[in-house]
Amino acid sequence: MKVHLKQIPSEGLHLEGEEDCPIAELETEGVSCLGPLSHKIDIGVSGGALWATGSLKQTVKLRCVACLESFTHDIKVPAFALRTELHGPETIDLTPFMREDLLLNLPAHPRCDRDGGRICKAAQRYAAEQESKRKSDWSALDRLKLKR
Ligand SMILES: [Zn+2]
């Protein structure tokens, strides 16, 4: 996403819309883009620097580390902010900044139940195991009581 400095009025500029997914190269790591990047940002120029603040959202498909199933996740950057010194070029590409913030907000160990929308099969299995373990603990205790 390139911004021409001449197009930025002194009071700043509000940008809202969609861009190509900036992290398409992560396909090999099990992260696939679902649709474009939505952004709402305010940009401005002051003191020889460009600043921008706003929010980003990119829907991606991730693979759960527990059950290995794919699930949909929104990478949200609620407080996107950047400030970069201006030297020379009249256009500034915001894409690298957006990519960096998306990557920072990408879960390192994604779990399909992280957003509360579904129950992870692996977690369910784990809960069932814990439950049967707890029951056998109780039955051991019951046996102990009977002996007295
Ligand atoms: Zn899962």
What number of residues within the range 117-134 are in a helix (DSSP H, G or I) and more than 8 Å from the ligand (Cβ to nearest atom)?
-> 11
For the subset of the range 72-87 comprising residues that are closer than 20 Å to P22 by Cα and out of contact with any Leu (no Cβ under 8 Å at 6 or more places or on another chain), which member is farthest from the ligand (Cβ to nearest atom)?
-> A81
Give the residue that is farthest from the ligand (Cβ to nearest atom), with candidates limited to residues of the range 17-71 that are touching a residue at least 60 places away in the same chain (Cβ under 8 Å) and in a strand (DSSP E or B).
-> E19
Determine whether R114 is surrounded by 13 or more Cβ atoms within 10 Å (Cβ to Cβ), touching a residue at least 24 places away in the same chain (Cβ under 8 Å), away from the ligand (no atom under 16 Å from the Cβ) and within 12 Å of the chain's Cα centre (by Cα).
-> no
In the range 51-62, residues that are more than 16 Å from the chain's Cα centre (by Cα) and of a type outside the set (S, T, N, Q) total 2
Residue check, I43 aliphatic (A, V, I, L, M), within 14 Å of the chain's Cα centre (by Cα) and surrounded by 15 or more Cβ atoms within 10 Å (Cβ to Cβ) | no
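Here is a yes/no grid of residues against (1) open to solvent by less than 50 Å² (accessible area, probe 1.4 Å); (2) of a type in the set (A, V, I, L, M, F, W, C); (3) modelled with pLDDT of 95 or more:
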residue: Q7; (1), (2), (3): no, no, no
residue: H14; (1), (2), (3): no, no, yes
residue: V31; (1), (2), (3): yes, yes, no
residue: S38; (1), (2), (3): yes, no, yes
residue: G48; (1), (2), (3): yes, no, no
residue: T53; (1), (2), (3): no, no, yes
residue: K57; (1), (2), (3): no, no, yes
Scan the range 63-83 and give yes if some residue there is over 30 Å from K121 (Cα atoms), open to solvent by less than 50 Å² (accessible area, probe 1.4 Å), modelled with pLDDT of 90 or more and within 13 Å of the chain's Cα centre (by Cα), otherwise no.
-> yes
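The values are calculated or read from the model by the stated rules, or taken from the named source; none is laboratory data. Since the structure is predicted, the reported quantities are computational estimates derived from the model, not experimental observations. Neighbour counts run over all protein chains shown; Cβ positions are idealised from the backbone, glycine included. These area figures cover heavy atoms from the full protein model, side chains too; ligands, DNA and RNA do not enter into them. Shrake-Rupley method; radii C 1.70, N 1.55, O 1.52, S 1.80 Å.
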